[in-house]
Amino acid sequence: MLKSNVHMNSFINCHTATTGTLVTGVNPQKHGVLHNGKLIRGAPGEPVFVEREKTHYELVYTPTLYEAAYEMGLRTSDIN
């Protein structure tokens, strides 16, 4: 990708749903990422909370662009 001048120097996560859209290429209704974790609803009248101990495989319903690149034999990297 770098040889084709397709790269980014930095990436700032400003909104989880937007980031999910960027890395999957589909909207939140399809990729399912709305929070930095899984939204857990309590009983009626109780507040919801975000369970953060979930993996990307449990949160993202569609393949990411990184996974698509891997399937095409390309290499990518990740910084967490």
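Fully extending the segment from Val26 to Ala68, taken as 0.36 nm per residue of separation minus the present Cα-Cα distance, adds 13.8 nm.
In this simple spin-label approximation, His35 and Asp78 carry label points 7 Å from Cα along the Cα→Cβ vector, and these lie 2.1 nm apart. Taken one residue at a time, the phi angles of region 62-79 give Karplus couplings (6.51, -1.76, 1.60, θ = phi - 60°) of 10, x, 8, 4, 5, 5, 5, 5, 4, 4, 8, x, 8, 10, 9, 9, 9, 10 Hz. Gly and Pro are set to x. Relative contact order of region 16-71: 35 percent, from C-alpha pairs under 8 Å at least 6 residues apart in sequence.
All other residues whose Cβ lies under 12 angstrom from that of Leu39 are scored, Lys and Arg at +1 and Asp and Glu at -1, for a net of +3.
Taking the average, over residues, of other Cβ atoms within 10 Å as the packing measure, peptides 66-77, 51-62 rank 51-62, 66-77 from highest down.
Where a number appears in this text, it was derived from the coordinates with a stated rule and is not lab data. Small disclaimer: the values here were computed from a predicted structure and weren't measured. No Cβ is skipped: glycine too gets one built from the backbone with ideal geometry, and neighbour counts run over all protein chains shown.
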